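The values are calculated or read from the model by the stated rules, or taken from the named source; none is laboratory data. Computed from a prediction, not measured in an experiment: that's the story for all the values here. Note: ideal-geometry Cβ built from the backbone for every residue, glycine included; neighbour counts use all protein chains shown.
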Amino acid sequence: MRAINHAMTGAVIGLSVAAPVAIPLAFVSHFALDGLPHEGNLGLSHKGNTAVLSVDIGLCVVLAIIIFVIRPQYWWLAIFCAILATSPDVMWFNMHKDNGRGKTPKPVAERHAIVKLHAKVQWFQQPIGIVVEVAWAIITGLTLYFLLRS
């Protein structure tokens, strides 16, 4: 799932759920969303993947700025939950790199339990999954819009 979808979901949680519950809920929402069918940029070159990731991160920054400028009640929690909901994807950054040491990274099966879980819940990453991602973006975007207006 795109980072912006995770971030918008986290922001919605931060704006609509009380602080003690919102924080773990935002984190767990990441894995729930990754359990939905989604597009995984299969077949993109490294350059293409980097461009898509850059736009995705840029959209997350714009979301945080919008929340900060509008400053609804509990805006800080919304931004924190947006970051937290996106954070599990950081583990993928070094998954396919050798870190300049000439060594191949460990396969998923030999990694930490959370990495294994994260890989397992992403059962459907195909180009057609973009339909689910766009639908989710529309739903959470509209929800966020109405939460920010109130």
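Across segment 50-96, which residue is nearest to the chain's Cα centre (by Cα) among those that are surrounded by 13 or more Cβ atoms within 10 Å (Cβ to Cβ) and polar (S, T, N, Q)?
Per the stated criteria, the residue is Thr86.
Report, ordered by the first and then the second residue, all pairs with beta carbons closer than 8 Å, sequence separation of six or more or different chains, a first member in segment 135-150 that is more than 26 Å from Glu39 (Cβ to Cβ) and small (Gly, Ala, Ser), and a second member that is surrounded by 11 or more Cβ atoms within 10 Å (Cβ to Cβ) and at pLDDT below 95.
Partner pairs satisfying both residue conditions: Ser150/Pro72.
Would you pick out the residues in segment 11-29 that are at pLDDT below 95 and in contact with a helix residue (DSSP H, G or I) (Cβ under 7 Å, 6 or more places away or on another chain)?
Ala19
Could you please let me know if Val115 is at pLDDT 85 or above and over 21 Å from Ile13 (Cβ atoms)?
Judged against the criteria, Val115 is not a match.
Just wondering, is there one or more residues in segment 122-143 that are assigned to a helix (DSSP H, G or I), at pLDDT below 80 and not hydroxyl-bearing (Ser, Thr, Tyr)?
no
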